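First the structure, in the form of structure tokens, and then the observations on it.
The values are calculated or read from the model by the stated rules, or taken from the named source; none is laboratory data. These numbers come from a predicted model, not from an experiment. Glycine gets a Cβ as well: all are built from the backbone with ideal geometry, and neighbour counts include every protein chain shown.
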Amino acid sequence: MSPLPPAVLAGLVGWSTVAGVDLVSFPQALLSRPLVTGAGAGLLLGEPVAGLQVGLLLELFALDVLPVGAARYPDYGPGVVGGVVVASGGALHLTLGVAGGYALLVAVLGGWSLQALRRVNGRVLQRYAAGLAAGDAATIHAVQYRGLAADITRSLVLSVVSIGGALWLRDRLPATDRLALVTAVAVGTALAAAAGGAIRSAGRDARLRWLAAGAGLGLLMAALR
Amino acid sequence: MTSGFTRAYLRLLSVQGAWNFERMTGIGMGYAAEPLLEDLKAADPARHAEAAVRSAEYFNSHPYLAGLALGALVRAEYDQVPGPQIDRLRTALTGPLGSLGDQFFWAGLVPAVIGGAVVGLAAGYGWWAIAGAVLLYNAVRLATGVWALRTGLAHGMKIGAALGASWLPHALPRVGHAAGLLVGIALPLGLAVLLEGQPPRSIVIATGTMLVALLAGWRAGPHVTSVRFGLAAIGGALALAWSWP
């Protein structure tokens, strides 16, 4: 498979880093959602369909977990960009499942890196304890900027690892029909994740009825496509 | 107090920038409070010093609604409310703002716009569906941020009553119903998009896997997360694909 041009590679690393930082630190503008990240990565790679498909697959997993407070949640952004790279260049019905599995692995790694970042921020806090106790504005700025810089670094490193690993995997992925099984299983588990999350969020009130009505309508629309 | 509004609002966009387990979003709050407290520095330096310390103490809420707390706390400082009372307000706002924001945004608006984007994708709108979802989401989110900071600054210690009488609690069921409907429509359509053009065998395998995964999730409870199950199932499928004669 032909190597990616440096400009495309740089664009992918940049986009992936932005998506990683968007998850928690700044600006939380939906850019870290797998569907959005995947679509952007697909455009950069010149493979918009692969971007949308990998993004959609991971979005179904992401719909299961709410990024609330101190909860542990995967960082899908860099993983999805890596997944789009894995899926690119091959037949999507074969590569999609492997790409989804790869993106999930990196997303879990990203979730761990977020916990580590939070502990690093805690240590910075202790180092600046005296200034914070005095309400010193420069100290508050320093802690805030260090936190942001640390998250940018975390996201950049994760992006390089994700895209580097994806390029390695993409070149070694056999074009065998057997991989269609992996794709079907990945789609099934992703759909279960989204359905499980939707049912839990709906509880037992009116939202559950709206969900059921929507599912019926969706089935009808899918049959008519 | 209002002279630093824009700077405080922009700084709130990174309120979780130094998130940590000790103060959670406290540093981000202190960073955003600084422009709003500038007038107090000239009028009452001693009070300003106390307010600056308080502003960066422990705090946690939904990031998009942090402006409600920030505005209310800053207003209370200008109103010369005793420090312990301000600390109590800060603590009291944590739970409700977190819960309201999580319900409205994370469990409501996010799945609703994502569900809408998937429907648009299935209808053939491609990138436009996603761009529309991002624009709509950010329009609501940014406008809510402005409203939150303004409301907090206007009501100070009475922020609880103002919040209860605002549009936000009334909007929760509506956005929840929209999310239910749109995610419901998106699920079968998502399956159709992902398995487009594939043989019926793939649809059977995907549907069977989904049922097994739902059953496993129901039986095993929170120990089997969807990501763990997904990784295990994809790994198992890969092993099977490789070893099949």
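Quick check: anything in the range B:170-182 within 30 Å of B:Ile86 (Cα to Cα), assigned to a helix (DSSP H, G or I) and within 11 Å of chain A (Cβ to nearest Cβ)? Checked the range B:170-182: at least one residue is within 30 Å of B:Ile86 (Cα to Cα), assigned to a helix (DSSP H, G or I) and within 11 Å of chain A (Cβ to nearest Cβ). Residue count for the range A:22-33, restricted to those that are within 9 Å of another protein chain (Cβ to nearest Cβ) and in contact (Cβ under 8 Å) with a residue 60 or more places away in the chain: 3.
Of the listed requirements (1) part of a helix (DSSP H, G or I); (2) aromatic (Phe, Trp, Tyr); (3) modelled with pLDDT under 95, B:Phe105 misses just one: (3).
A:Asp171 meets all of the listed conditions (1) part of a helix (DSSP H, G or I); (2) without any contact (Cβ under 8 Å) to a residue 12 or more places away in the chain; (3) exposed (fewer than 14 other Cβ atoms within 10 Å of the Cβ) but one, namely (2).
Against the test of being farther than 28 Å from B:Phe21 by Cβ and either free of Cβ contacts under 8 Å to residues at least 60 places away in the same chain or over 13 Å from the mean Cα position of the chain (by Cα) (or both), the options A:Gln126, A:Gln144, A:Gln53 yield a single qualifying residue, A:Gln53. Checked against (1) more than 17 Å from B:Ala131 (Cα to Cα); (2) in contact (Cβ under 8 Å) with a residue 60 or more places away in the chain; (3) of a type outside the set (Lys, Arg), A:Ala7 passes all but a single condition, namely (2). Can you confirm whether the range A:94-107 contains a residue that is touching a residue at least 60 places away in the same chain (Cβ under 8 Å), over 15 Å from B:Leu194 (Cα atoms) and touching an Asp or Glu at 6+ places or on another chain (Cβ under 7 Å)? Scanning the range A:94-107 turns up no residue that is touching a residue at least 60 places away in the same chain (Cβ under 8 Å), over 15 Å from B:Leu194 (Cα atoms) and touching an Asp or Glu at 6+ places or on another chain (Cβ under 7 Å).
Taken over the range A:16-45, the criterion of being under 19 Å from B:Ala129 (Cβ atoms), touching a Leu at 6+ places or on another chain (Cβ under 9 Å) and part of a helix (DSSP H, G or I) is satisfied by A:Ala19, A:Pro34, A:Leu35, A:Val36, A:Thr37, A:Gly38, A:Ala39, A:Gly40, A:Ala41, A:Gly42, A:Leu44. Residues of the range B:55-70 that are assigned to a helix (DSSP H, G or I) and farther than 18 Å from B:Leu149 by Cβ: none at all.
Out of the helices (runs of 4 or more DSSP H) lying entirely within the range A:46-148, which hold 3 or more residues that are modelled with pLDDT of 95 or more, closer than 30 Å to B:Trp218 by Cα and more than 10 Å from chain B (Cβ to nearest Cβ)? So the answer is A:76-87, A:92-127.
Taken over the range B:79-92, the criterion of being under 12 Å from B:Glu50 (Cα atoms), over 27 Å from the mean Cα position of the chain (by Cα) and assigned to a helix (DSSP H, G or I) is satisfied by B:Gly83, B:Pro84. Is it the case that some residue within the range B:110-133 is hydroxyl-bearing (Ser, Thr, Tyr) and either at the interface with chain A (Cβ under 7 Å from one of its Cβ atoms) or touching a Phe, Trp or Tyr at 6+ places or on another chain (Cβ under 9 Å) (or both)? No; the residues of the range B:110-133 include none that is hydroxyl-bearing (Ser, Thr, Tyr) and either at the interface with chain A (Cβ under 7 Å from one of its Cβ atoms) or touching a Phe, Trp or Tyr at 6+ places or on another chain (Cβ under 9 Å) (or both). Among the residues of this structure, B:Leu214 does not count as one that is at pLDDT 95 or above, surrounded by 17 or more Cβ atoms within 10 Å (Cβ to Cβ) and part of a helix (DSSP H, G or I). Scanning the range B:197-211 for residues that are under 25 Å from B:Ala129 (Cβ atoms) and modelled with pLDDT under 90 turns up B:Gly197, B:Gln198. Scanning the range A:184-225 for residues that are within 30 Å of B:Ala241 (Cβ to Cβ), more than 7 Å from every other protein chain (Cβ to nearest Cβ) and within 23 Å of the chain's Cα centre (by Cα) turns up just one, A:Gly197.
Being out of contact with any Lys or Arg (no Cβ under 8 Å at 6 or more places or on another chain) and closer than 25 Å to B:Gly17 by Cα is the requirement here; does A:Leu167 meet it? It is false that A:Leu167 is out of contact with any Lys or Arg (no Cβ under 8 Å at 6 or more places or on another chain) and closer than 25 Å to B:Gly17 by Cα. Residue count for the range B:83-97 under the criterion of being surrounded by 12 or more Cβ atoms within 10 Å (Cβ to Cβ) and in contact (Cβ under 8 Å) with a residue 12 or more places away in the chain: the result is 10.
Per-residue answers, yes or no, for (1) among the aliphatic types (A, V, I, L, M); (2) at pLDDT below 95:
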{"site": "A:Ile163", "(1), (2)": "yes, no"}
{"site": "A:Leu173", "(1), (2)": "yes, yes"}
{"site": "A:Leu179", "(1), (2)": "yes, yes"}
{"site": "A:Thr183", "(1), (2)": "no, no"}
{"site": "A:Ala186", "(1), (2)": "yes, no"}
{"site": "A:Ala190", "(1), (2)": "yes, no"}
{"site": "A:Ala198", "(1), (2)": "yes, yes"}
{"site": "A:Ser201", "(1), (2)": "no, yes"}
{"site": "A:Leu211", "(1), (2)": "yes, no"}
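Going by what's in this entry, would A:Ala222 be described as out of contact with any Cys (no Cβ under 7 Å at 6 or more places or on another chain), modelled with pLDDT under 95, in a helix (DSSP H, G or I) and surrounded by 15 or more Cβ atoms within 10 Å (Cβ to Cβ)? In short, yes.
Residue-level check: of (1) farther than 30 Å from B:Trp218 by Cβ; (2) at the interface with chain B (Cβ under 8 Å from one of its Cβ atoms); (3) β-branched (Val, Ile, Thr); (4) part of a helix (DSSP H, G or I), A:Val157 misses just (2).
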